[in-house]
Amino acid sequence: MRIRKLLSWGVAFLFGLVVVVSCAPNPGTDSATPGTDTAAEPVVMGFSAWPGWIPWQVADEEGLFEQNNVNVELTWFDGYLDSINALASGQLDANTQTLNDTISSVAAGSDQVIVLVNDNSTGNDMIIASEEINSVEDLRGKRVAAEEGTVDHFLLLLGLKDAGMTQDDIDFQPLETGAAAAAFAAGQLDAVGVFAPFTTQALERPGSKPLFTSADYPGSIPDHLVVTRQMIDERPEDVQALVNTWFATLEFIEGNQDKAFDTMSKRAGVTVDEYKEYDQGTTIFSIEDNLKAFEAGSDMSSLPYAAEQISQFLVESELVQEAPDVSNIFDDQFVKAYAEQAGKG
């Protein structure tokens, strides 16, 4: 599995490139429930390795897209950055992304809209340190790795900022996440920023422990379903069907946990027990959580507020050149319509 990534401003130069996607075919993608209009243009949707996004595999295998009258070509990306680039370059209609990444994409000129909150990371993103490091201040001058531009790099910067430090105060090692976890486990680094399942590999090092996690920064890493503005303008009924399918999937998982966890763990490439451990570090959002998250507010539980704060931080950290207009990146009409339909408005 690959890391969820933040885009750097340089993604603008990738828009015109052909993105080579490494993907695995998903059972059920080419089949249709009797009565479904298979001639309908498919929604090409990407997803990748994160416990809050892997439930889409259940939707695919259980025919829940078809039950909600939408033809979806669900595409698994081994590399999350590939999925980000694919949406930005017009190869996808929808994708699973963090708020940070979506803001970065918008800053680079892509017209994207968040229509659903899948989850918040509440512990699955970690800065893991060696035995002798007991505080963020102890990282000064130490070898610390993360995949540059990823949300775990973002998390590292948040922790450093709270300690009155910057990246210049550490010996930052920009390594691909899997390589970073392996290097840390082998004793070649002093600390590392990774997410599940790479957290398991990193913590195999004797004496290692999480220095801080996404649980220490509530609301800083929300995960979403993101669609192009064109999808909303031209195919709003399909966007609605995607949102409806998500909540149908959560209901299916609740009522069929053994089957669902088996499906999700296989997609993640881990055991069921390991997947359940990762699941604990991800807070899946209900329809009520979604409705609240889209409202204006004064803390990180409010997406509009979080977007403004993250946008400013990305500029300060030089992860984007200029703060984008984030006033139009949220559209709650689809979760509101589902809530009304379900009697939960």
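The values are calculated or read from the model by the stated rules, or taken from the named source; none is laboratory data. Quick caveat: nothing in here was measured; it's all calculated off a predicted structure. Glycine gets a Cβ as well: all are built from the backbone with ideal geometry, and neighbour counts include every protein chain shown.
List of remarks:
- Restricting region 154-168 to residues that are in contact with a Leu (Cβ under 7 Å, 6 or more places away or on another chain) and not β-branched (Val, Ile, Thr), the residue that is modelled with the lowest pLDDT: Phe154
- Filter pass, Ile84 being crowded, with 23+ Cβ neighbours inside 10 Å, aliphatic (A, V, I, L, M) and closer than 25 Å to Leu158 by Cα: yes
- Cβ-Cβ contacts under 9 Å between residues 6 or more apart (or on different chains), taken from a first residue in region 52-72 that is among the hydrophobic types (A, V, I, L, M, F, W, C) to a second residue that is in a loop (DSSP other than H, G, I, E, B) and surrounded by 24 or more Cβ atoms within 10 Å (Cβ to Cβ), are listed as Trp53/Arg4.
- Residue in region 63-80 that is touching a Pro at 6+ places or on another chain (Cβ under 6 Å), part of a helix (DSSP H, G or I) and either of a type in the set (D, E, K, R) or surrounded by fewer than 23 Cβ atoms within 10 Å (Cβ to Cβ) (or both) present: no
- Scan of region 87-101 for residues that are surrounded by fewer than 24 Cβ atoms within 10 Å (Cβ to Cβ) and among the polar types (S, T, N, Q), ordered by number: Ser89, Gln91
- Screening Asp168 against (1) among the acidic types (Asp, Glu); (2) outside any helix (DSSP H, G or I); (3) farther than 20 Å from Gln188 by Cβ leaves a single unmet condition, (2).
- Selection status of Phe184, closer than 18 Å to Leu314 by Cα, of a type in the set (Phe, Trp, Tyr), touching a Ser or Thr at 6+ places or on another chain (Cβ under 8 Å) and not in a loop (DSSP other than H, G, I, E, B): no
- Single residue of Ala186, Ala182 found to be of a type in the set (A, V, I, L, M), outside the structural domain of Asn100 (by TED's automatic domain parsing), touching a helix residue (DSSP H, G or I) at 6+ places or on another chain (Cβ under 9 Å) and closer than 29 Å to Val272 by Cα: Ala182
- Looking across region 287-342 at every residue that is farther than 17 Å from Thr98 by Cα and aromatic (Phe, Trp, Tyr), the one that is nearest to the chain's Cα centre (by Cα) is identified as Phe334.
- Among the residues making up region 198-213, those that are assigned to a helix (DSSP H, G or I) and either out of contact with any helix residue (DSSP H, G or I) (no Cβ under 6 Å at 6 or more places or on another chain) or surrounded by fewer than 22 Cβ atoms within 10 Å (Cβ to Cβ) (or both) are Thr199, Thr200, Gln201.
- Every residue from region 66-98 that is of a type in the set (A, V, I, L, M, F, W, C) and at pLDDT 95 or above: Val70, Val72, Leu74, Trp76, Ala86, Leu87, Ala88, Leu92, Ala94
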